[in-house]
Amino acid sequence: MTGREVMTVRKVDFIKNHIFVKAMSFIMAAGMVMLLMGGLTAVPVWADDSYTVEQEEDDYVLCKNRDSGYEILIDDSADLFTESEENDLIPYMINCSDGGFVMLVTIADNKYNDAYDFCHSYYRSMIPEESGIMFLIDMDTRELRFYSEGSYHRQLTADVMNIISDNIYKMAHNGDYHACAREAFVEVADVLEGKKIAAPMKFVSNACLAILLALIINYFIARGVSKAVKPSNNEILKSIYSTFEFRNPKVTFLNQTKTYSPRSSGSGGGGGGGGGHSSGGHSF
Amino acid sequence: MIVCPSCGANLKFDPQKQRMLCEFCGSDFDPKEFDVKADAQEQQITEQTEELDTYDVTVFTCPQCGGELMSVDNNTAAAFCSFCGASTILNSRISKGKRPEFIIPFSKTKEDCKEAYLKIVRRALFIPREYKSKECIDGFRGIYMPYWSYDVKQSGPVGLKGKTESRSGDYIITKHYRLSGEIDATYEGLSYDASSSFSDSISEALAPYDVKQRVPFEPSFMSGFYADIADVDKSIYSKEASGFAYDRSVERIKSETPEFRKYTIEDESRPADKGPGTAFSSRTMKGHSSMFPVWFMSYRNGDRITYATVNGQTGKVAADLPIDIKKYLLFSGVLALIIFAILNTFLVLTPKAVLIAASILTIAVFVINAVQRSTIKKAVTGEDDKGIQSVKGTPQNAAGGKKKAPEPDIPEAKMNSLEKITLFCGIGSVAIAALMIFFLHVVHDMPYYVMCILDAILFALSFRFTLKNYNIMATRRLPQFDRKGGDDRA
């Protein structure tokens, strides 16, 4: 084969490849168009049969599960999410709603000046005696706060909610509230499914504390073992000869003094735990 | 030397049989009976005057520390010093020992003593292996320690202050009473060690000795054992004894007099060693010189020494228990794993909480170190040891009053430059942590963790000194006695 012939073969291969690439591109493009068309004609992902939108306003979305009666609520008073972002978050919230109500609340002004107090009040006003979880983004106190009650409280303990808050507070700090809320509900769903959530700093800090505590505890153990036990007064008395007699006891009144000591108003002790709710959070 | 009447060999006191035993022919004798026979002439003399109340002893003096021990056996040679642990033949001389009035003979054998010591040592997880070794434990030596046993007499009228309290509206009504009566009490045998070489801390820990088992002193009880020499004056603990007796009587008046039960007896606030209070007479009538049995072992490690002592009557142990740093770290590692597992199971700490915990632990180590230095200082100066203070003497000013002694140089209690830097950084680190937590409200977790790591490093650096100080506290300086034969270079 001459050099020219080699060139011709290469050109033919190039043309063949070019046609193949073009055909593949066409098929892929067609597929994508079909997918897109299918997507446009299909119902939204979150809108499964059991959930219906009960109320929808600018910053307020309420969906209800027809079977269980549980509701999904987004109350975006701080206006942190766009409408599409709210729609995007609902499926993640649905994933957490098997056992009760799920709420995502954002506020710009907290009249309680405390995220926990707000959560407690808001939750009680919305669903007084129901199981549920609430995630609050408080722009006033710059705090993320989870609040759970009822059946959720057993799995979503304060510790767990603190871990989730630790994992997501940076997103809120960077202004990505949508990602922050989404990740919050992803991790909540993971916990409800019994999965472990990442808590790298928990291990590091626990390891650090365990070492420090072990060193100190062992020190006190060593001190305790080596500490000389001095005899009690009774032991000493038993080991010596002693006699004791006290005769003619007499009591003589001398005088009386009066000291002003007002009774305290006696405020009651703190009330017992209401039971069944927990909270955890992080500032951002 | 106490000679066997059957074969002429040396007789030794056997704690198990409580008799004089001849190791050569196996004969045994009653120590009291034996002594009367052997020293009839001396007994006659001693009855005449107390000054001549002496007995023949061999005094062994350590050429290194000047420590002295007595023995009634003149054909033995002491090959090591119990006080400084020096393995050397001690200088010996024949002398006259002042005859004590009472003795509590050894009733625990060396085997009992070893067993009691090992029981304690087995509990001490971090003790260096050599402290459990056979050579070390075989070093226990039976020594009679000199004690002063005081008799306190209380008699005459008692006048205590009592009160009752009741509330009337916004007022507390306190009624004051005089609680009187007559007391007649005695406390015989309140004992305090009479040797400055025997630390008060050890003698307190070995106490109590059951003085009801004391017998009049016979030198034969000392055969096979050594004795320390009394160098603390009888008057030193006299007030302490009468004060102790006073307090016990006040307690008994409170608890055993039904007429006084409804009254709160107002205690006089005074230190226990400052003598009795003023509510009734509590006087020390007599101080008896006594000898109490102690199994004594010393272990020398470089320029430090540890003492292990066992009460020769009750078997109670008081021992210095230093720690082996490697063992300590190993056990701490194991414990850390357990704590880590517990923390991971039950606890999730926020970064703030972790930093607070780390800061508290770091402060705790600094506080421990400060307390340790103070304890070391007291131990080295003998500040809490009346016996040592009495022998050293208190400096007097020209007017005869006490003057403040110059601060002694105690290298063990001094902070080195690294320790100072660590302390300085630690204080700074805790201050920054407090600032971050309470004022700056830092949002990010990382600064908290960084401060935690810094605290942990400072903790580790400081804890090195904690362990070092612990071993200083658990050991002693090599003693230097102001007696004949002391060698300052030791």
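The values are calculated or read from the model by the stated rules, or taken from the named source; none is laboratory data. Keep in mind that this is a model prediction, so the values were computed, not measured. In this analysis, Cβ positions are derived from the backbone assuming ideal geometry, glycine residues included, and neighbour counts consider all displayed protein chains.
Do you know which of the residues in the stretch A:175-206 that are surrounded by 17 or more Cβ atoms within 10 Å (Cβ to Cβ) and small (Gly, Ala, Ser) is nearest to the chain's Cα centre (by Cα)? Applying the filter and picking the extreme gives A:Ala184. Only one of the listed residues (B:Glu266, B:Glu182, B:Glu240) is more than 30 Å from B:Lys12 (Cβ to Cβ) and either crowded, with 17+ Cβ neighbours inside 10 Å or of a type in the set (A, V, I, L, M) (or both). That residue is B:Glu240.
Among residues of the stretch B:86-108 being of a type in the set (Ser, Thr, Tyr) and surrounded by 16 or more Cβ atoms within 10 Å (Cβ to Cβ), the one that is farthest from B:Gln18 (Cα to Cα) is B:Ser92.
If we scan the stretch A:205-223, do we find a residue that is more than 19 Å from B:Phe340 (Cα to Cα) and in contact (Cβ under 8 Å) with a residue 60 or more places away in the chain? No, the conditions are met nowhere in the stretch A:205-223. The set of residues in the stretch B:35-79 being buried (at least 20 other Cβ atoms within 10 Å of the Cβ) and modelled with pLDDT under 65 consists of B:Asp35 alone.
Across the stretch A:224-245, what is the number of residues that are of a type outside the set (A, V, I, L, M) and outside any helix (DSSP H, G or I)?
Applying the first criterion (of a type outside the set (A, V, I, L, M)) to the stretch A:224-245 yields A:224, A:226-227, A:230-235, A:238-239, A:241-245.
Next, only the ones that are outside any helix (DSSP H, G or I) stay: A:227, A:230-232, A:241-245.
Result for the stretch A:224-245: 9.
Scanning the stretch B:203-215 for residues that are surrounded by 21 or more Cβ atoms within 10 Å (Cβ to Cβ) and more than 7 Å from chain A (Cβ to nearest Cβ) yields B:Ser203, B:Leu206, B:Arg214.
Note on the stretch B:318-348: among residues that are polar (S, T, N, Q) and facing chain A (nearest Cβ under 7 Å), the one that is surrounded by the most Cβ atoms within 10 Å (Cβ to Cβ) is B:Ser332. Screening B:Pro479 with (1) assigned to a helix (DSSP H, G or I); (2) within 31 Å of the chain's Cα centre (by Cα) gives one miss only, at (1). If we scan the stretch B:211-226, do we find a residue that is free of Cβ contacts under 8 Å to residues at least 60 places away in the same chain, in a strand (DSSP E or B) and of a type in the set (Lys, Arg)? So far as the stretch B:211-226 goes, no, none of its residues is free of Cβ contacts under 8 Å to residues at least 60 places away in the same chain, in a strand (DSSP E or B) and of a type in the set (Lys, Arg).
Here B:Pro208 meets each of (1) at pLDDT below 90; (2) in a loop (DSSP other than H, G, I, E, B) with one exception, condition (1).
Considering only residues in the stretch A:165-199 that are in a loop (DSSP other than H, G, I, E, B) and farther than 20 Å from A:Ile74 by Cα, the one that is nearest to the other protein chains (Cβ to nearest Cβ) turns out to be A:Ala199. Residues that are in contact with a Leu (Cβ under 8 Å, 6 or more places away or on another chain) and not in a helix (DSSP H, G or I): does the stretch B:321-330 have at least one? Yes, there is a match, as at least one residue in the stretch B:321-330 is in contact with a Leu (Cβ under 8 Å, 6 or more places away or on another chain) and not in a helix (DSSP H, G or I).
Does any residue of the stretch A:110-133 turn out to be surrounded by 18 or more Cβ atoms within 10 Å (Cβ to Cβ) and closer than 20 Å to A:Glu193 by Cβ? Looking for residues that are surrounded by 18 or more Cβ atoms within 10 Å (Cβ to Cβ) and closer than 20 Å to A:Glu193 by Cβ, one finds at least one in the stretch A:110-133, hence yes.
Is there a residue being free of Cβ contacts under 8 Å to residues at least 40 places away in the same chain, acidic (Asp, Glu) and farther than 30 Å from A:Ser165 by Cα anywhere in the stretch B:268-277? Within the stretch B:268-277, one or more residues are free of Cβ contacts under 8 Å to residues at least 40 places away in the same chain, acidic (Asp, Glu) and farther than 30 Å from A:Ser165 by Cα.
Only one of the listed residues (B:Ser201, B:Ser249, B:Ser197, B:Ser191) is modelled with pLDDT under 90 and either under 14 Å from B:Phe292 (Cα atoms) or assigned to a helix (DSSP H, G or I) (or both). That residue is B:Ser201. The set of residues from the stretch B:138-179 being surrounded by fewer than 16 Cβ atoms within 10 Å (Cβ to Cβ) and part of a loop (DSSP other than H, G, I, E, B) comprises B:Asp138, B:Gly169, B:Asp170. Residues in the stretch A:209-261 that are within 7 Å of another protein chain (Cβ to nearest Cβ) and of a type in the set (Ser, Thr, Tyr): A:Tyr219, A:Ser226, A:Ser239, A:Tyr241, A:Ser242, A:Thr243, A:Thr252, A:Thr257, A:Thr259, A:Tyr260, A:Ser261.
Name the residue, out of B:Met446, B:Met473, that is modelled with pLDDT of 90 or more and among the aliphatic types (A, V, I, L, M). Before the answer, list the steps.
Working: B:Met446 fails: modelled with pLDDT of 90 or more.
Only one candidate qualifies: B:Met473.
Going through the stretch B:344-391 one residue at a time, which ones are in a helix (DSSP H, G or I) and free of Cβ contacts under 8 Å to residues at least 24 places away in the same chain? Talk me through it step by step, then tell me what you get.
So in the stretch B:344-391, the residues in a helix (DSSP H, G or I) come out as B:344-346, B:351-381, B:386-391.
Correct list: B:Asn344, B:Thr345, B:Phe346, B:Ala353, B:Ala357, B:Ile360, B:Ala364, B:Val367, B:Ala370, B:Val371, B:Lys378, B:Gln389.
Look at B:Tyr131 and say whether it is in contact (Cβ under 8 Å) with a residue 40 or more places away in the chain, surrounded by 15 or more Cβ atoms within 10 Å (Cβ to Cβ), part of a helix (DSSP H, G or I) and out of contact with any Gly (no Cβ under 9 Å at 6 or more places or on another chain). So B:Tyr131 passes the test.
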